[in-house]
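Everything on this sheet refers to the single structure shown next.
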Amino acid sequence: MEQRHLGRTGLRVSRIGLGTLTWGRDTDEHDAADLLKAFWEAGGTLVDTADVYGDGESEYLLGRLVEGLVPRRELVISTKAGSVPDPDRRFDGSRGHLLSALDASLGRLGTDYVDLWQIHAYDTETPLDETLQALDIAVSSGRARYAGVSNFCGWQLAKAGTWQLAAPGVRTRLASTQMEYSLLQRGVEREVLPAALDLGIGLLPSSPLGRGVLTGKYRSGTPTDSRGGSDHMAPFVAPYLDEAAGHIVDAVAIAADGLAVTPLQVALAWVRDRPGVAAPIVGARNVQQLTAALSVEALSLPDEICQALDDVSAPVHRYPDQDWSTL
């Protein structure tokens, strides 16, 4: 699998990442082992998790599999901290919480360091410089090799990235921002992606297949064995089952027919090759799904297909987003 630099750093990652959101909950140890082995054998390196995935079980399961199944040195392990199971405060970006969470993650993962450590979300109740100082401490102490953020909107990302660049050699530059991005969710193109490109921050798209909807599996209804058919994941999929999304899914299916490939391959290739994207994170439930996603490695979409998909899924950008000189 092709490797890409993560933003304007020396860290190289596989251009498809493996997500572990369901590990330890819907994905047991046997299936997780099969997924990790298939991913590694295909040349994949970037494995993404978080301290709250499966209440920590995702990290614990990944830690059990590393070394026994895949050499630690051949993986780029990314985890996140900052989300908390508190109904009154969803995010905690305080330095104390973040560093304690990192130590707990390292314990579950069974490693002395993570390759990439990301702040899971912006905390409005903590000064941003305090949150970012946790990244600096993590990197300077060797507990993290690189640092990034997740779910920061445009101004938040620009502020954080600029703050880090203001003291080179003292503060750790942001390597990444992880955001949802697909043909069904192009909101990052308004301000997040322009900020990331300008600051040299690599984008790691989550849900690159529109929470599974872009595979076309929901065109004739909701399969009982799909995420949309499960009680706890149905609300996650539901927003992308409306009429507008259906038109985009139809366009992806038409493109796939014309190229003699699958809708999954078309949708994943589109987001993988967008400007600023380092590696879409794919959350496969089994090896068959993962193999289908990894088969996109040999596919590059023709310019005409990309333009058609751009047109049918184009978000509305008006004043003052980006270039409004023609208004």
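Only helices enter the 222 nm calculation for the chain: every DSSP H run of n ≥ 4 contributes -39,500 (n - 2.57), and dividing by all residues gives -11000 deg cm²/dmol, rounded to 500.
Accessible surface area normalised per residue over the chain is 44 Å², counting heavy atoms of protein chains with a 1.4 Å rolling probe.
Rounded to the nearest 10 square angstrom, His30 shows an accessible area of 120 square angstrom against a 1.4 Å probe. Taking all protein chains as they are arranged and a probe of 1.4 Å, the heavy atoms of Trp23 leave approximately 0 Å² accessible to solvent. Helices that extend 20 Å or more along their long axis by alpha-carbon positions and average at least -0.5 on the Kyte-Doolittle scale are, among the DSSP H runs of the chain, 95-109, 243-259. With one equal scatterer per alpha carbon and no solvent term, the Debye-computed log10 I(q)/I(0) for segment 157-268 at 0.15, 0.21 1/Å reads -0.73, -1.05. Volume per residue of the convex hull around the Cα atoms, evaluated for segment 92-219, comes out as 119 Å³. Under Stokes-Einstein, with the Kirkwood radius over Cα pairs as Rh, the value for segment 119-188 at 25 °C and 0.890 mPa s is 193 µm²/s. Relative contact order of segment 79-156, taken over Cα pairs closer than 8 Å and 6 or more residues apart, is 35 percent.
Please list the non-local residues whose amide H lies under 5 Å from the amide H of Ala144, H modeled 1.01 Å from N, same-chain partners needing a gap of 5 or more. It is Val114, Val139, by chain and number. Under Stokes-Einstein, with the Kirkwood radius over Cα pairs as Rh, the value for segment 16-77 at 37 °C and 0.692 mPa s is 291 µm²/s.
According to the Kirkwood relation over distinct C-alpha pairs, the hydrodynamic radius of the chain is 20.2 Å.
Net charge in the neighbourhood of Ile254 (other residues with Cβ under 15 Å of its Cβ; Lys, Arg +1, Asp, Glu -1) is -4.
Listed by chain and number, the lysines whose C-alpha is less than 22 Å from the C-alpha of Lys159, apart from same-chain residues fewer than 8 away, are Lys80. For segment 172-280, the relative contact order is 33 percent, taking Cα pairs closer than 8 Å that sit 6 or more residues apart in sequence and dividing their mean separation by the residue count.
The label point for Tyr319 and the one for Ser295, both projected 7 Å from the Cα toward the Cβ, are 4.9 nm apart. In this Cβ point-charge picture (+1 for Lys and Arg, -1 for Asp and Glu), the chain has a dipole of about 620 debye about its Cα centre.
As a length-normalised measure over Cα pairs under 8 Å and 6 or more apart, the relative contact order of the chain settles at 18 percent. Heavy-atom surface analysis with a 1.4 Å probe gives the chain a carbon and sulfur content of 51 percent of its accessible area.
Distance from the Cα centroid of segment 158-202 to that of segment 288-321 is 21 Å (rounded to whole angstrom).
Its Cα gyration tensor gives segment 1-131 an equivalent ellipsoid. The semi-axes, each the square root of 5 times an eigenvalue, are 26, 18, 12 Å from largest down.
The values are calculated or read from the model by the stated rules, or taken from the named source; none is laboratory data. Because the structure is a prediction, the values reported are computed rather than measured. Neighbour counts run over all protein chains shown; Cβ positions are idealised from the backbone, glycine included. Ligands, DNA and RNA are stripped out before the accessible areas are found, and what is left, the full protein with its side chains, is counted by its heavy atoms. Shrake-Rupley method; radii C 1.70, N 1.55, O 1.52, S 1.80 Å.
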